[in-house]
Protein chains: 2
Amino acid sequence: MAQFMDVHHGMVGITADQLRQAHQADLDIEQDEGVHFVKAWADPQSGMVYCLAEAPSAEAVQRVHERAGHKADEIHPVPLTV
Amino acid sequence: MAQFMDVHHGMVGITADQLRQAHQADLDIEQDEGVHFVKAWADPQSGMVYCLAEAPSAEAVQRVHERAGHKADEIHPVPLTV
């Protein structure tokens with residue numbers, strides 16, 4: 001399964017609860033697309049959120065995020081990891 | 001220790017070896033700044049590289065990256081994780 005890093009902009013002021021709820025909304029439906037959201041990191045000050053996912057495609061990642069109500073602004077495959 | 005996500009643009013065509021060498025160059029000197037680079041992900045096609053670090057400040061992360069020869073284009077604190 002390939003790994004993807006997606007980025008959300010504009011989440012200024014996001015709280016720990018909001019991040020947890022958004023991540024849970026992804027987890028609740030991710031199986032429909034064969035995706036697994038591994039981890040997410042957020043910066044409430046700049047409004048950047050980064051999500052790491054295992055997925056069959058970037059499109060599958062986006063479909064989950066869209067249905068969960070938070071479309072990603074960028075999705076990049078990250079085939080190299082260290 | 002705070003966590004930071006930094007981003008490098010323009011690394012189009014980066015190979016697994018180059019990513020590993022760049023990461024090792026950070027690891028070799030990170031203790032001078034009290035930084036630890038936890039993980040890095042790269043997309044050779046778009047040239048995006050994401051690095052997760054534990055560090056006392058964004059400036060400390062940047063000093064390590066600069067000395068290692070690969071200044072980051074963005075560094076964001078990521079106080080929220082899920």
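All of the numbers you see were taken from the coordinates with simple rules; none came from a lab. The shown structure was predicted, so the numbers you read here are calculated from the model rather than taken from an experiment. Neighbour counts run over all protein chains shown; Cβ positions are idealised from the backbone, glycine included.
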Taking the alpha-carbon set of the protein assembly as shown, what are its Rg and Dmax in Å? 15.5, 46
Rounded to the nearest 10, the angle in degrees between the Cα long axis of helix A:16-29 and the longest principal axis of the Cα atoms of chain A comes to 30
For B:Asp32 paired with A:Ala2, estimate the spin-label separation in nm (one decimal), with each label point 7 Å from Cα along the Cα-to-Cβ line. 3.8
Taking every residue of A:35-41, the Cβ atoms of other protein chains inside 10 Å of its Cβ average out to 3
Highest mean packing first, using Cβ neighbours within 10 angstrom, the peptides A:35-44, A:9-18, B:71-80, B:30-39 sort as A:35-44, B:71-80, B:30-39, A:9-18
What's the average, rounded to a whole number, of partner chain beta-carbon atoms within 10 Å of each residue's beta-carbon in A:68-81? 4
Considering only C-alpha atoms, what is the centroid distance from segment B:3-58 to segment A:18-82, in Å? 21
Given points 7 Å out from each Cα along the Cα-Cβ axis, report the A:Gln18 to A:Glu54 separation in nanometres with one decimal. 3.0
Local net charge near A:Phe37, Cβ-Cβ under 10 Å (Lys/Arg +1, Asp/Glu -1): -3
At A:Glu74 and A:His9, where each label point lies 7 Å from the Cα along Cα→Cβ, what is the point-to-point distance in nanometres? 0.9
From DSSP H assignment alone, runs of 4+ in chain B each adding -39500 (n - 2.57), the sum over residues rounded to the nearest 500 puts [θ] at 222 nm at -9000 deg cm²/dmol
Let me check I have the definition right: for chain B, take the eigenvalues of the Cα gyration tensor, multiply each by 5, take square roots. What are those semi-axes in whole Å, largest first? 19, 15, 10
For chain A, what's the relative contact order in percent, using C-alpha pairs closer than 8 Å and at least 6 residues apart? 45
In degrees, nearest 10, the alpha-carbon axis of helix B:58-67 is tilted away from the dominant principal axis of the alpha carbons of chain B by 50
Report, for B:Glu66, each distance to the same residue's label point in the other copies, shortest first and in nm; define the point 7 Å along Cα→Cβ. 4.3
